[in-house]
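In what follows, a single structure is set out as structure tokens and then discussed.
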Amino acid sequence: MTLKLGAQQENMQDWLADPWLRSQGAGLTEACLPEEMRLDRGALEQRNFHHKQLIELVENHALPLFSQLMSHTSSRLILSDCEGYVLCHW
């Protein structure tokens with residue numbers, strides 16, 4: 001038996017396909033939680049020092065705009081480095 005999907009359902013499946021494939025490519029599955037990536041305080045401070053200029057740029061330029069646009073939501077702005085470690089969140 002073949003099930004026909006409506007156009008809206010097909011678009012939803014297309015929209016989810018790329019992120020789903022990226023997640024699988026990164027080793028994520030439905031059954032397993034990703035490895036926890038934690039840094040000790042010293043390593044985090046070192047990364048923050050290394051990215052100090054970027055953090056200041058975000059605080060001075062992106063954060064005010066984010067706050068203005070998202071003030072009535074419970075959204076967060078998260079800054080991570082190229083390895084995925086969270087440097088700051090507001």
- Message: If you consider only alpha-carbon coordinates, what radius of gyration and Dmax does the stretch 40-89 have, in Å?
- Response: 12.1, 35
- Message: From the protein chains alone at 1.4 Å, what is the descending order of accessible area for HIS61, HIS51, largest first?
- Response: HIS61, HIS51
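I want the local charge near GLN46. Using Cβ-Cβ distances under 12 Å, sum +1 for each Lys or Arg and -1 for each Asp or Glu among the other residues.
Values: positive: ARG41, ARG47, LYS52; negative: ASP40, GLU45, ASP81.
In short, 0.
The values are calculated or read from the model by the stated rules, or taken from the named source; none is laboratory data. Remember, it's a predicted structure, so these values are computed and weren't measured experimentally. Quick reminder, even Gly has a Cβ in these numbers, built from the backbone with ideal geometry, and neighbours come from all protein chains shown. Surface accessibility is based on the protein's heavy atoms, side chains included, excluding ligands, DNA and RNA. Shrake-Rupley method; radii C 1.70, N 1.55, O 1.52, S 1.80 Å.
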